[in-house]
């Protein structure tokens, strides 16, 4: 998270909505020698209190979950490089604009019989975003294939105690300067979804 408070102007509902819609992040817990990291899809409730996910049983994080562990899920959004030439004013420096939301809390392993419900709700949430496609469900699998898959993964739940978002969109620049950079970022920016960041920069209130 960027330390400048000007980039932390999004309220909790906006951060929750962003993380919930994105539904994918970098899960991190402390390991004995170094942090343990895993890229995971997750299902976040509307209040932002619980994240549900599953891990491959052989995942080092799953192996470490003998008891609840402090954890964080970093959810990355669009980002792009910003050239100082794009501002149209002197004495600027290069930077990178981005959106990221961090969910902090405690990760627990759930009983195995909770897995099917989590899988069904996760797939329903993702498949609903593909309409008008008929949604895929676990009932399309043979019971034998589904049972084999479910033996390989474990259900987990993260009780969320903190949410923090960085929306670094050149809020520290004058409106004309920010809009100039946004126009150039939309045309030439590189990173991930540069046009989306440019749109966010343009949509900031004057």
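The table that follows gives values for the structure above.
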quantity	calculated
Checking residue 118 against (1) assigned to a helix (DSSP H, G or I); (2) in contact (Cβ under 8 Å) with a residue 60 or more places away in the chain; (3) more than 29 Å from residue 30 (Cβ to Cβ), the condition it does not meet	(3)
Test: residue in segment 86-106 that is touching a residue at least 40 places away in the same chain (Cβ under 8 Å), closer than 30 Å to residue 181 by Cβ, crowded, with 19+ Cβ neighbours inside 10 Å and over 17 Å from the mean Cα position of the chain (by Cα)	yes
Filter result for the condition that a residue is surrounded by 17 or more Cβ atoms within 10 Å (Cβ to Cβ), under 30 Å from residue 112 (Cβ atoms) and in contact (Cβ under 8 Å) with a residue 12 or more places away in the chain, over 48, 31	48
Segment 11-38 - residue that is out of contact with any helix residue (DSSP H, G or I) (no Cβ under 8 Å at 6 or more places or on another chain) and in a loop (DSSP other than H, G, I, E, B) and, of those, modelled with the lowest pLDDT	32
Residues (over 30 Å from residue 175 (Cβ atoms) and part of a helix (DSSP H, G or I)) located in segment 39-97	60, 61, 62, 63, 64
Filtered residues of segment 162-182 (kept if surrounded by 15 or more Cβ atoms within 10 Å (Cβ to Cβ), touching a residue at least 24 places away in the same chain (Cβ under 8 Å) and assigned to a helix (DSSP H, G or I))	177, 178, 180, 181
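The values are calculated or read from the model by the stated rules, or taken from the named source; none is laboratory data. A quick note: this is a predicted structure, and the numbers were derived from the prediction, not measured. When we count neighbours, we look across all protein chains shown, and the Cβ atoms used for this are built from the backbone with ideal geometry, even at glycine.
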